[in-house]
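Everything on this sheet refers to the single structure shown next.
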Amino acid sequence: MTAEVAEQQEIQHYEASSVVDKGGEWAVATLQDTVPPSIQIDEFDESSVRLWKIFREAIQPLYFMILCWVNPTWDRGSNFKDYLESQGVNINEVKRNLSKDQRDKFMNPSSHNTWDISMIHVLLFFSICLAGKNDEKWQKQNGSDPEMSLAVLKDKRNETAHNPRIDRGWCSRIINELYELTIKIQGSLKLVVLGYVVIPEGKEEIEREMDRVFDNTRQKIHEIGKGGIGAEVFDEYQREIDFTKKKKLLEEEGFPCLKKILEKLKSINPLNLITGTSSNPNIPVEKIYTEMKLEGESGPCSVPIEDILNHVPHYDHSGLLLIKGMAGMGKTTLVKKINSDWLSKKDDIKGLNDYDILLYVQCRDFIESFKDLLVAFFRDVHQKFQGNEIIEVCLAYNCLLIIDGYDELNDKSSKLFLEVLTLKKSHPISVIVTTRPEFEERFNNQVKSDYTTVSTISLEGIPKEKREEFVCKYYTELGSDNSPLQSLEELLQYLRKTKHTMHEVWGLPLNLALVTVLWMIKPEVISNITTEAELYWQFHLLSLSKLKERLAKHPKTAFLEPTSTKIATKKFVEKLCGESFKALQNDEINIPESTINNLSAFCYSLGMPAEELTGAFLKKVTTSQGSFHYSFPHKGMMEFMAALFFPMKLTNHCWDQSVNTATVKKIFEMLLGGRLPENLHKYQNMMIHMISLFHVGDGDEMKVSEDAKIEALELLERSGVNDKDSGLRVLKNIKCDHSSSRWIAQRFKLFDKDTRIEDHTIDAYIALLRATDPPLPNREEIKIIIKLNDTDGLVELQRQLCRHLINPSWIDLHNHYKGDSEPTVEERESIKNLLTNDCEIYKGIWDPTFQIPPNIGSLDVIFKDHPSLDAFCRSLEKTKQILYFGK
């Protein structure tokens, strides 16, 4: 009898009206006996559902129990990952053998009930009692070894799961094979498992449990094999099949679309403001990314970027990671770097490749819901899903969501953020949020009712030792036919020379980018930049210059006289500055569409091309939805533009009044539409820029009166700059002249009988001394204490103290006292000049050229060599009195 005839007879036998069990041979009930009359199901559907139910309800629980038995020391209620680690298993090796979805479940301590047969089968390779993955026992049946039988059992499951046309005959044969496999595994597994049990009583208990579980499994196979299949089972099976199909659809069509859009979002556009809208070169972030300084919430503890995802609570539904940093500090650059690495599958950031999906949204975009976000990234693919189906399918994957710019939330993106918080309660989405520090409290207040864990990382910008690297990368990517790379050395020298007075300014990647662009196009202005406001001012002048060149070639303005173009441009800038103040007042980075329309209409009335003028000062942003909108490059430049409104108004006829009647306070009140509030903290950074602009100006056109400068300083007090510490904090960020600096020194009593110059105040004192004409008032009463751990700026401080004929009485240089670093030649000379008759205490390194001050009372010095020690001993003989002498 041929195999085909035998198979046909076997099928006819299985179509009998009942199920019989004769010596282990199984038959399946007819379709009419098992399926409710209301359901139209053919024999293939019925057979597939029956086997699906057997594997899910009988074989999968058995497989899990086998995992427990072959790991006898594992507490079934504990995390299996932790257990394997305690056994010395390399967890990375385990993860490499799991799919991304399986890795997610493996790392989750409460996901045992979601482990399928394939995942458990991989974990069996690392069990104590069974052979490892590459052992031949898994491939070749050998006596009583259970490995091969377990592999066959798993293969049977895969065989049925991937075959859409299972008839009754095949279904019956599979059931018989499963029954026989459980018998074979039971016998061989007992020998292996019981061999690891030392106590006889323990063997008996485990053997009884194994017999009970195997008997129950076979009974379950029997019941499902002959029992009815209810409508609810068909529905559940169909939902699982449909969901699997939808996941495959998302992977095959949606993922490529997602990655294509993310590719567009990983670049930065550095030249928009000087090239206008006609040329917008994009630089991939990985080309210019330079290591940034990240600090954990437990204090000044450095967090390498490769470990940043360790701070994301992956599997804690109540956890979020907040990255905070000042405007322009590089938050967007950092998350674009994460996006770029995910796209390129780089493994520099640990755990990044564990994510199947990365979604990136900027809060300045107008995306209102999570579904809208998915539509933006998966585009037309979403039309193949019904209702909110795409949300559930997406969240079935390991998903990382980056929300960039919490401080820029608008009415629509606020709704998206709230929906994400709700979704996260029931789905293990990993969420990273960025914001400026001043919005951290609002963020915590919004999420604290639902989330118990908010991990926080502070972004401190580019560290000193990496800034030159960033500038070189940026310069190389921008390219310049007229400026060979060697010419960059002068810019680097400038950055080295000014780093102590511009430490915070050059820590911002945006500022380093701006100064690099300035160097390429207008290098002669670099040496005059000593504050952030001056940097923005010079870049603003460059933008105006480039705009002038474009307008001279534009069809609408090529025929105009240069003077007419200049006047029209100035009017536009003044109007834009007024809008900048409104945006600052409303905490908005985006320019509302109504404002853009008004600016366009204003340009039309001036006969100017609106796109060129707006593009010269605003950033044209492409959203993930493919639309465009305008925004300020970042909060700092928006504050600068708002500050520029004041000198422009003070040096023009305001509201048909003479120049003399315009004051800083009146302009402020006009912009606010009423009286000034008592608290002006929101406008503090803007006023710092404004005061600096009063002192940089553009010749006579931008000069303001001394009264206006003092009035601005008085208003700055109302923003919170009202004591010595806050006065010193802002001093290093402003440009001021002799009268202003003297006013600041007197108002905040910065020089007195106990003036301490430390690491956090040295920049401010250098700026103050530099701006003030010598000598300082009441110089004879000033007593200076220098206490520095970081001696950056020591040379400039000594130079300025010398200008004012001030000698410190106490010099404490921890860096050269305890550390191994050597002072530079300039620093040695500065220390030598500081050791005058007024010096009473000195701690630091000793040099052979130094002389012990005659009035010294305490010395605590370190010698780098014998000549230094010998010179010190000779000087010591000439000293009258030393109260304390350290080594």
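Report, by residue number, each residue of the range 143-157 that is open to solvent by 40 Å² or more (accessible area, probe 1.4 Å), in a helix (DSSP H, G or I) and farther than 13 Å from E177 by Cα.
M148
Might you check whether a residue that is at pLDDT below 90 and crowded, with 21+ Cβ neighbours inside 10 Å occurs anywhere in the range 462-476?
Yes - at least one qualifying residue is present in the range 462-476.
Does K556 fit the bill of being assigned to a helix (DSSP H, G or I) and either closer than 30 Å to L358 by Cβ or open to solvent by 20 Å² or more (accessible area, probe 1.4 Å) (or both)? If you could, list the steps in order and put the result at the bottom.
Working: assigned to a helix (DSSP H, G or I): no; either closer than 30 Å to L358 by Cβ or open to solvent by 20 Å² or more (accessible area, probe 1.4 Å) (or both): yes.
For K556, the condition - assigned to a helix (DSSP H, G or I) and either closer than 30 Å to L358 by Cβ or open to solvent by 20 Å² or more (accessible area, probe 1.4 Å) (or both) - is not met.
Condition first: part of a strand (DSSP E or B), of a type in the set (V, I, T) and over 47 Å from the mean Cα position of the chain (by Cα). Now tell me which residues in the range 843-858 satisfy that.
Applying the first criterion (part of a strand (DSSP E or B)) to the range 843-858 yields 843-846, 858.
Okay, now just the ones that are also of a type in the set (V, I, T), so 845.
If the condition is that a residue be part of a strand (DSSP E or B), of a type in the set (V, I, T) and over 47 Å from the mean Cα position of the chain (by Cα), then no residue fits.
Return the only residue of R50, R103, R56 being surrounded by 14 or more Cβ atoms within 10 Å (Cβ to Cβ), touching a Gly at 6+ places or on another chain (Cβ under 9 Å) and either farther than 27 Å from I166 by Cβ or modelled with pLDDT of 80 or more (or both). Quick ask: steps written out before the conclusion?
Working: R103 fails: touching a Gly at 6+ places or on another chain (Cβ under 9 Å); R56 fails: touching a Gly at 6+ places or on another chain (Cβ under 9 Å).
Checking each option against the conditions leaves just R50.
If we keep just the residues of the range 187-224 that are outside any helix (DSSP H, G or I) and of a type outside the set (G, A, S), which is farthest from the chain's Cα centre (by Cα)? Let's see the steps before the verdict.
We begin by selecting, within the range 187-224, every residue outside any helix (DSSP H, G or I); these are 195-199.
Now narrow it down to the ones that are of a type outside the set (G, A, S): 196-199.
Details: Y196: 49, V197: 51, V198: 53, I199: 54 Å.
So, considering only residues that are outside any helix (DSSP H, G or I) and of a type outside the set (G, A, S), the one farthest from the chain's Cα centre (by Cα) is I199.
Only residues in the range 676-695 that are surrounded by fewer than 19 Cβ atoms within 10 Å (Cβ to Cβ) count as the first member; pair them with residues that are basic (K, R), Cβ under 9 angstrom, at least 6 apart or cross-chain, and list the lot.
Listed pairs, sorted by first residue: L676/K665; L676/R718; P677/R718; E678/R718; N679/R718; H681/R718.
Collect the residues in the range 761-794 that are among the hydrophobic types (A, V, I, L, M, F, W, C) and part of a helix (DSSP H, G or I), keeping them in residue-number order. Can you show your working first?
If we filter the range 761-794 for residues that are among the hydrophobic types (A, V, I, L, M, F, W, C), which is where we start, we get 762, 764, 766-769, 771, 776, 782, 784-786, 788, 794.
Residues satisfying the conditions are I762, A764, I766, A767, L768, L769, A771, L794.
Please tell me if E534 is within 24 Å of L508 (Cβ to Cβ) and either of a type in the set (D, E, K, R) or part of a loop (DSSP other than H, G, I, E, B) (or both). Please lay out each step first, then the result.
Numbers: within 24 Å of L508 (Cβ to Cβ): yes; either of a type in the set (D, E, K, R) or part of a loop (DSSP other than H, G, I, E, B) (or both): yes.
Taking the combined requirement at face value, the residue satisfies it.
May I ask you to say which residue of N176, N142, N113 is closer than 27 Å to E46 by Cα, among the polar types (S, T, N, Q) and at pLDDT below 80?
N113
Restricting to the range 789-828, name every residue that is aliphatic (A, V, I, L, M) and either open to solvent by 60 Å² or more (accessible area, probe 1.4 Å) or farther than 19 Å from R496 by Cα (or both). If you could, list the steps in order and put the result at the bottom.
Step one: of the range 789-828, the residues aliphatic (A, V, I, L, M) are 794-795, 797, 801, 805-806, 811, 813, 825.
Residues satisfying the conditions are L801, L805, I806, I811, L813, V825.
For the range 59-77, which residues satisfy the criterion of being in contact with a Phe, Trp or Tyr (Cβ under 7 Å, 6 or more places away or on another chain) and open to solvent by 30 Å² or more (accessible area, probe 1.4 Å)?
Those that are in contact with a Phe, Trp or Tyr (Cβ under 7 Å, 6 or more places away or on another chain) and open to solvent by 30 Å² or more (accessible area, probe 1.4 Å): F64, P72.
Could you tell me whether K81 is within 27 Å of E240 (Cα to Cα) and touching a helix residue (DSSP H, G or I) at 6+ places or on another chain (Cβ under 7 Å)?
Details: within 27 Å of E240 (Cα to Cα): no; touching a helix residue (DSSP H, G or I) at 6+ places or on another chain (Cβ under 7 Å): yes.
For K81, the condition - within 27 Å of E240 (Cα to Cα) and touching a helix residue (DSSP H, G or I) at 6+ places or on another chain (Cβ under 7 Å) - is not met.
Mind listing whichever residues of the range 829-851 are among the hydroxyl-bearing types (S, T, Y) and either within 20 Å of R496 (Cβ to Cβ) or touching a His at 6+ places or on another chain (Cβ under 8 Å) (or both)?
Kept after step one, since they are among the hydroxyl-bearing types (S, T, Y), are these residues of the range 829-851: 830, 836, 842, 849.
S830, the sole residue that qualifies.
From the residues in the range 715-747 that are of a type outside the set (S, T, N, Q) and more than 39 Å from the chain's Cα centre (by Cα), which one is surrounded by the fewest Cβ atoms within 10 Å (Cβ to Cβ)?
Initially, the range 715-747 is screened for residues of a type outside the set (S, T, N, Q), giving 715-718, 720-721, 723-725, 727-732, 734-738, 742-745, 747.
Checking which are more than 39 Å from the chain's Cα centre (by Cα) leaves us with 737-738, 742-743, 745, 747.
Working: D737: 14, H738: 11, R742: 17, W743: 16, A745: 20, R747: 16.
Looking at the filtered set, the residue picked out is H738.
Out of all the residues in the range 121-133, which are open to solvent by less than 50 Å² (accessible area, probe 1.4 Å) and either among the charged types (D, E, K, R) or in contact (Cβ under 8 Å) with a residue 60 or more places away in the chain (or both)? Give the steps one after another, and end with the answer.
First pass over the range 121-133, keeping only residues open to solvent by less than 50 Å² (accessible area, probe 1.4 Å): 121-127, 129-132.
Passing the criteria: S127, C129, L130.
Scan the range 110-118 and give yes if some residue there is under 34 Å from the mean Cα position of the chain (by Cα), among the aromatic types (F, W, Y) and in a helix (DSSP H, G or I), otherwise no.
No, the conditions are met nowhere in the range 110-118.
Contact list please: Cβ distance under 6 Å, first residue in the range 257-280 and at pLDDT 60 or above, second residue open to solvent by 40 Å² or more (accessible area, probe 1.4 Å) and assigned to a helix (DSSP H, G or I), pairs at least six apart or on different chains.
Taking only residues 6 or more apart or on different chains, the pairs are C257/R379; I274/K546.
Only residues that are surrounded by fewer than 19 Cβ atoms within 10 Å (Cβ to Cβ) and in contact (Cβ under 8 Å) with a residue 12 or more places away in the chain: list them for the range 78-92, please. Give the derivation first.
Step one: filter the range 78-92 for residues surrounded by fewer than 19 Cβ atoms within 10 Å (Cβ to Cβ), giving 78-79, 81-83, 85-92.
If the condition is that a residue be surrounded by fewer than 19 Cβ atoms within 10 Å (Cβ to Cβ) and in contact (Cβ under 8 Å) with a residue 12 or more places away in the chain, then S78, N79, K81, D82, Y83, Q87, V89 are the ones that fit.
Exactly one condition in (1) under 22 Å from V361 (Cβ atoms); (2) modelled with pLDDT under 85; (3) among the aliphatic types (A, V, I, L, M) is not met by V303; state its number.
Among (1) under 22 Å from V361 (Cβ atoms); (2) modelled with pLDDT under 85; (3) among the aliphatic types (A, V, I, L, M), V303 violates only (1).
Does M641 satisfy the criteria of being modelled with pLDDT of 90 or more and surrounded by 20 or more Cβ atoms within 10 Å (Cβ to Cβ)? Working first, answer last.
Numbers: modelled with pLDDT of 90 or more: yes; surrounded by 20 or more Cβ atoms within 10 Å (Cβ to Cβ): yes.
So M641 fits the description; yes.
Results for (1) in contact with a helix residue (DSSP H, G or I) (Cβ under 8 Å, 6 or more places away or on another chain); (2) in a helix (DSSP H, G or I), shown as yes or no for each residue.
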site	(1), (2)
P428	yes, no
T434	yes, no
N444	no, yes
V454	yes, no
K466	no, yes
V471	yes, yes
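Go through (1) part of a loop (DSSP other than H, G, I, E, B); (2) of a type in the set (F, W, Y); (3) touching a residue at least 12 places away in the same chain (Cβ under 8 Å) and name the single condition Y494 misses.
(1)
Taking the range 561-578 only, how many residues are among the β-branched types (V, I, T) and open to solvent by less than 60 Å² (accessible area, probe 1.4 Å)? I'd like the intermediate steps shown before the answer.
Filtering the range 561-578 down to residues among the β-branched types (V, I, T) leaves 563, 565, 567, 569, 573.
Pick out the ones that are also open to solvent by less than 60 Å² (accessible area, probe 1.4 Å) and you get 565, 569, 573.
So the answer is 3.
Identify, from the list S705, S739, the residue that is closer than 22 Å to F668 by Cα and without any contact (Cβ under 8 Å) to a residue 60 or more places away in the chain.
On the way: S739 fails: closer than 22 Å to F668 by Cα.
Result: S705 is the single residue among S705, S739 that is closer than 22 Å to F668 by Cα and without any contact (Cβ under 8 Å) to a residue 60 or more places away in the chain.
Would you check if there is a residue in the range 82-94 being small (G, A, S) and either at pLDDT below 85 or within 30 Å of R218 (Cβ to Cβ) (or both)? Step through it out loud before you land on a result.
Filtering the range 82-94 for residues small (G, A, S) gives 86, 88.
Still in the running and either at pLDDT below 85 or within 30 Å of R218 (Cβ to Cβ) (or both): none.
No, that holds for no residue.
The values are calculated or read from the model by the stated rules, or taken from the named source; none is laboratory data. Remember, predicted model here, so these are calculated numbers, not experimental data. All Cβ positions, glycine included, derive from the backbone under ideal geometry; neighbour counts span all protein chains shown. Only protein heavy atoms, including side chains, enter the accessible area calculation; ligands, DNA and RNA are left aside. Shrake-Rupley method; radii C 1.70, N 1.55, O 1.52, S 1.80 Å.
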